[in-house]
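Below: one structure in C-alpha cells.
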Amino acid sequence: MDAFPHYFDIVLFAMIAVFLVLRLRSVLGRRTGNERRRDAMGRTPPPGSNVVTLGNRVTAPPMPRLAAPPAGSVQEGMAQIRGADAGFDPGQFVAGARIAFATIVGAFAAGDKERLRPLLSDDVYKPFCAAIDERGGAGERLETRIVQLKESEIAEALLAGRMARVTVKFVSDQIYALRAHDGSVVDGDPEHPIEKTDFWTFVRDTRSSDPNWVLMATASG
C-alpha cells in the first residue's frame with residue numbers, strides 16, 4: 001500500500017485506530033462464501049468439524065463446539081450469564097462483537113499481531129500468527145474488506161461453571177483476494193464481494209477481575 005502523502009492523514013488514521021480500540025474495550029469487554037478454497041480467516045471446515053480454521057492452510061487444534069441449542073436455551077443461557085455477571089448486557093455485547101469482528105478481520109489481513117493479541121484466546125492467537133507468518137514467508141498478501149455487515153445476533157449462550165461463552169452469527173458481504181508476490185490473484189476476487197456467514201464464539205471467566213471477552217473459536221456456515 002502506498003504511503004499517505006501528508007502528515008495530517010497519518011494523524012487522522014491514528015486517531016481513528018485509537019478510537020476503535022477504546023470503543024472495543026468499553027463495549028465488548030468493558031475494558032467490558034462462496035470462495036474457491038477458504039474464507040477470509042481460512043478454509044471452511046467440513047460439516048460437523050470442530051476445529052478453528054484460520055488462513056493459509058493452517059488449522060488450530062480441535063476445540064469444543066457448543067451443541068445446537070434447544071428452543072429457548074439462548075435466552076436461558078444469557079440469563080445464566082447475567083446471573084454470574086450483572087454487567088452483561090446482550091445489546092452492548094453484540095455492538096462490541098461487531099467492532100471486534102471488523103477489527104480482527106482487518107488486523108488478520110494486515111498481519112497486525114499486536115492488534116490481534118488482546119482480542120484472541122491463546123489457542124486462537126497461535127494459529128493466527130502461524131498463518132500470518134506462512135503468508136509472509138510465501139510473499140503473499142491478503143486483501144479482505146467488509147463491504148456490509150448485514151446481520152449480527154447471538155446464536156448460542158452458555159455458562160459452564162465460571163466460564164461464559166457466547167456465539168455470535170455474522171452475515172456480511174466481503175471482498176476477499178489473496179495475491180502472490182507478483183501481485184497476481186491466486187484466490188478470491190478483488191472486485192466482487194461475496195456473502196459470508198460466520199459464527200464466532202467469545203469466552204470470559206466471570207470470576208476474573210479482567211472484564212475482557214476473547215475470541216475462542218470461529219466457524220463458517
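So what is the relative contact order of the stretch 89-196, in percent, for Cα pairs below 8 Å that sit 6 or more residues apart?
Once normalised by length, the contact order is 22 percent.
Additional query: Can you check what the net charge comes to around L149, using other residues whose Cβ is under 10 Å from the Cβ of L149 (Lys, Arg +1; Asp, Glu -1)?
0
Pull up the cross-link candidates among the aspartates and glutamates for K113, meaning alpha carbon to alpha carbon under 20 Å and not fewer than 8 places away within one chain.
Answer for K113, where 20 Å is the Cα cut-off: D39, D122, D123, D133, E134, E140, E143, listed by chain and number.
Sketch the reach of a paramagnetic label on A84 as a point 7 Å from Cα along Cα-to-Cβ, and name the residues of the stretch 153-195 whose backbone nitrogen lies under 11 Å away.
Counting backbone N atoms under 11 Å from the label point, the list is 158-166.
Here's a follow-up. Among rounded, prolate and oblate, which fits the stretch 69-184 when a ≥ b ≥ c are the square roots of the eigenvalues of its C-alpha gyration tensor, a/c under 1.5 means rounded, and a/b larger than b/c means prolate?
Verdict is prolate for the stretch 69-184.
Quick note: the coordinates plus some simple rules give every number you see, no bench work behind them. In this text, all values refer to a predicted model and were calculated from it rather than measured experimentally. Ideal geometry is used to build each Cβ from the backbone, glycine not excepted, and the neighbour counts take in all protein chains shown.
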